[in-house]
1. Working carefully through the options 294, 338, find the one that is open to solvent by 50 Å² or more (accessible area, probe 1.4 Å) and in a helix (DSSP H, G or I).
2. In the set 250, 241, which member is under 23 Å from the mean Cα position of the chain (by Cα) and open to solvent by 10 Å² or more (accessible area, probe 1.4 Å)?
3. Which residues, counting only those in the range 144-169, are open to solvent by less than 40 Å² (accessible area, probe 1.4 Å) and over 22 Å from residue 322 (Cα atoms)?
4. Please count how many residues of the range 4-51 are more than 26 Å from residue 415 (Cβ to Cβ), touching a His at 6+ places or on another chain (Cβ under 9 Å) and modelled with pLDDT of 95 or more.
5. Take the residues in the range 22-32 that are in a loop (DSSP other than H, G, I, E, B) and open to solvent by 10 Å² or more (accessible area, probe 1.4 Å); name whichever of them is farthest from ligand 2 (Cβ to nearest atom).
6. Among the candidates 350, 419, 399, single out the residue that is more than 20 Å from residue 291 (Cβ to Cβ) and surrounded by fewer than 18 Cβ atoms within 10 Å (Cβ to Cβ).
7. Scan the range 82-103 and give yes if some residue there is open to solvent by less than 20 Å² (accessible area, probe 1.4 Å) and hydroxyl-bearing (Ser, Thr, Tyr), otherwise no.
8. Given the criterion among the aliphatic types (A, V, I, L, M), more than 16 Å from ligand 2 (Cβ to nearest atom) and either in contact with a helix residue (DSSP H, G or I) (Cβ under 6 Å, 6 or more places away or on another chain) or farther than 30 Å from residue 458 by Cβ (or both), identify the matching residue among 53, 73, 41.
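The values are calculated or read from the model by the stated rules, or taken from the named source; none is laboratory data. No experiment lies behind these values; they were computed from the predicted model shown. Cβ placement follows ideal geometry from the backbone for every residue including glycine, while neighbour counts extend to all protein chains displayed. We work out accessible area using only protein heavy atoms, side chains counted, and drop any ligands, DNA or RNA first. Shrake-Rupley method; radii C 1.70, N 1.55, O 1.52, S 1.80 Å.
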Amino acid sequence: MTDPIQPLRNGNWFRSAVFYEIPVRSFFDSNGDGIGDLPGVTAKLDYLADLGVGAVWLLPYYPSPWRDEGYDVADHYAIHPQLGTIGDLDRLVEEAHRRGIRVLGDYVMNHVSTDHPWFQEARRDRSSPFRSWFLWSDTGTEFSRARVIFRDSEGSNWSWDPVAGQYFFHRFTATQADLNYDTPAVRAEMLNVARFWLGHGLDGYRCDAVPYLVKREGTRCQSLPEVHRYFRELRALLDREFPGTVLVAEANQSIPETVPYFGDGREFQMVMHFPLMPNLFLALGEEDPRRVRHVLRATLPAPGATSWAYFLRNHDEVTGEQLSDDEREMLLWFYGRHPRAVLNGGLRRRLAPMLDGDDRRIEMMTALLLGLPGAPFLYYGDEIGMGDRPDLPDRDGVRTPMQWSDGPTAGFSTAPDDRLVRPLVTEPRFGPAARSVEGETGRPGSLLERCRTLLRVRNARAEAFSSPLFEALETPGAPVLAFVRPGASEHVLCLYNFASTVADVQVRVPAWSAPNPTDLLDRGIALHVVDGALGCRLDPFGFAWVGFPPVPTDPGAATRDPG
Ligand code: GLC
Ligand code: CA
């Protein structure tokens, strides 16, 4: 049999694929124990392929006490027995590749669960070789400039370990001990971990909590030069041993601290655009897209053969860390009305409830995500507008079982409701009776069908949508974000109305040559070209993708037969 994986690894595949994030435990339960698993993901690959997904990102599937959704890894070389076996993962990867879908794992390299045998050995014995794999202190006062990330649950980055008789360092919860990257054996071991799963056919990793690997007294202990050095080494390993695989950085930092993770093409192929994400929601609340335009202009294009990765929602809170205090307050004012919405200064809410179940805004934001120059990451369930459970602890409320149908357990499992990994959404507007894959499939105008259309049109125009080129256009007086995605054979003009009122917009498209622009989404939008400017009227929160042929610019192209 020909290896289905080779064509999938060619070129810059990551620039055209639509990604889909899956917390495995919450997606689909294949064996009736109430917990989603790897065979469950495999069983739903046809759904993802139909939706137009080109790559999935699996949240951690490793053995873990699940005190932080598997980000507390207890063994990096195995699969949690509740989620399946390595054979199940191999099958998932093979079946995904057969459908043209790539698979990313989650590389959790900053810390391990305190249950991990490495930590258990280290704490018991000062002379153990594993002692130096972690960071210890007699006083717990070092690295005081390192901010506490989970500030609602952790008072300090140091916790006393009575067995060790010392404090140990943890940048996240006190059940996740940070590894010591100054110890060469740690670096070597974690490179081996990366090798291991790529050896099972994964197409790359989303890399967790990237900035914090290395700590230095007197610094904020983030994004230090040694961190970049480690990821350059990892990237070189991928290029050498697993060509075509990719790394995506989770680095929730300011623009100047985030951009260097592209490392001039020698570190991450993709970097999550944390500075942009909360600004998308703010701009929508303000009904004014200018702040989005500013951030995009400041961060585009991504250097060389790299790509920004965009997302609206993920398995964490909507973080306000990259906003000013005033902006954060505004974000919470717009979207944080639920008494339990706010966590660690951000919002533990899903897309649909944040936008009050308003499909116009959900669809517009999704179309924006899909139109931006870079890789879009969808969060499971947002395509059906499913809801959340802010009453659950921590971020569990945005990780409830996927709503496949309005039957028992929302079609997630054959187990009784009280055995599910998490309770189902109960709010009627967002629960399975109102929002489910089965209920929305084939129903004209449903959010799912609208999302499917968006992905189909985008995938059919992969050439323009995967181009790193981008040109933001002025829209004087209109609350409309406008930009062009130039392609060799077709340009796409993207227009988004951020206002709750009708917007008449005029944009002057550079080198406009098109007497006949096309409304790619067939939304019945009348397009007028007057004096080289394109004019149209957008509904409240309306949007349009307009295709038009590029002007031949080089003299050779001008003389080539256009047909
Ligand atoms: C990342 C993950 C988050 C986790 C943390 C610690 O931010 O996205 O879910 O809690 O790292 O691993
Ligand atoms: Ca199961």
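1. Step by step, each of 294, 338 is checked, and only 294 is open to solvent by 50 Å² or more (accessible area, probe 1.4 Å) and in a helix (DSSP H, G or I).
2. Numbers: 241 fails: under 23 Å from the mean Cα position of the chain (by Cα).
Exactly one of 250, 241 is under 23 Å from the mean Cα position of the chain (by Cα) and open to solvent by 10 Å² or more (accessible area, probe 1.4 Å), namely 250.
3. 158, 159, 161, 164, 165, 166, 168, 169
4. Here the count works out to 0.
5. The selected residue is 28.
6. Result of the check over 350, 419, 399: 419.
7. Among the residues of the range 82-103, not one is open to solvent by less than 20 Å² (accessible area, probe 1.4 Å) and hydroxyl-bearing (Ser, Thr, Tyr), which makes the answer no.
8. From the options 53, 73, 41, the qualifying one is 73.
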